[in-house]
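Read the structure below first, then the notes.
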Amino acid sequence: MNRTKSRELAFKLIYEKEIQKEIGDEELKVFFESNEIEDDEIKEYLKDILFGVSKNEEEITKLIKKNLKENWTIDRVSKINISLLKIAIYEMKYNKLPYKVAINEVIELAKKYSDEQASSFINGILASIVKEEKLNQ
């Protein structure tokens, strides 16, 4: 399984966390089983995303809120788009993934899972964060 497919699974996992609020060991085990994930490298990648986003959730959420358009609140953003933003921010800021890769990957996921406006909305927020945080390519 390539990194793009793994990232799609990470999105599904983070989205599940957005809905359920918590994912424990049992839920993670069920997620792996239901998605037929047996590869330890993929499991570690997914755990890294899940635990990394959770550990840095406050700062990641602040970045999202700070870069929303005026008169927008985070509650107005769909759980799908929030999940995609969190993955991209975590990978760019904490895993040092080149921002072009991170943004491109979540934009493709947005096109697949969200509405028509999602890709430009997500791109705008992430572009602002890249400039603000001076993230590298």
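The values are calculated or read from the model by the stated rules, or taken from the named source; none is laboratory data. All values derive from a computational prediction rather than experimental measurement. Every residue, glycine among them, receives a Cβ derived from its backbone with ideal geometry; neighbour counts consider all protein chains shown. We work out accessible area using only protein heavy atoms, side chains counted, and drop any ligands, DNA or RNA first. Shrake-Rupley method; radii C 1.70, N 1.55, O 1.52, S 1.80 Å.
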- Message: Suppose we filter 8, 57 for residues that are open to solvent by 30 Å² or more (accessible area, probe 1.4 Å) and either β-branched (Val, Ile, Thr) or out of contact with any His (no Cβ under 9 Å at 6 or more places or on another chain) (or both); which single one remains?
- Response: 57
- Item | Subset of region 103-121 [assigned to a helix (DSSP H, G or I) and not small (Gly, Ala, Ser)] | 103, 104, 105, 106, 107, 108, 109, 111, 112, 113, 121
- Query: Taking interchain pairs and intrachain pairs at least six residues apart, which have beta carbon atoms under 7 angstrom, with the first residue in region 94-123 and on the phi < 0 side of the Ramachandran plot and the second among the acidic types (Asp, Glu) and open to solvent by less than 30 Å² (accessible area, probe 1.4 Å)?
  - Reply: 97/91; 102/91; 109/8
- Going through region 45-72 in order, the residues found to be closer than 25 Å to residue 120 by Cα and either among the aromatic types (Phe, Trp, Tyr) or not in a helix (DSSP H, G or I) (or both) are 56, 67, 68, 69, 70, 71, 72
- Query: Name the residues in region 28-38 that are assigned to a helix (DSSP H, G or I) and surrounded by 14 or more Cβ atoms within 10 Å (Cβ to Cβ), would you?
  - Reply: 28, 31, 32
- Could you say whether any residue in region 118-129 is in contact with an Asp or Glu (Cβ under 9 Å, 6 or more places away or on another chain), hydroxyl-bearing (Ser, Thr, Tyr), open to solvent by 20 Å² or more (accessible area, probe 1.4 Å) and over 23 Å from residue 22 (Cβ atoms)? yes
- Query: What residue, of 100, 96, is modelled with pLDDT under 95 and part of a helix (DSSP H, G or I)?
  - Reply: 100
- Message: Quick check on my filter: what residues within region 63-87 are hydrophobic (A, V, I, L, M, F, W, C) and either touching a residue at least 24 places away in the same chain (Cβ under 8 Å) or closer than 26 Å to residue 6 by Cα (or both)?
- Response: 63, 64, 68, 77, 80, 82, 84, 85, 87
- Identify, please: which residue in region 60-100 is polar (S, T, N, Q) and more than 15 Å from residue 18 (Cβ to Cβ) and is, among those, surrounded by the most Cβ atoms within 10 Å (Cβ to Cβ)? 67
- Flag if residue 128 is closer than 18 Å to residue 11 by Cβ, more than 13 Å from the chain's Cα centre (by Cα), in a helix (DSSP H, G or I) and of a type in the set (Gly, Ala, Ser): no
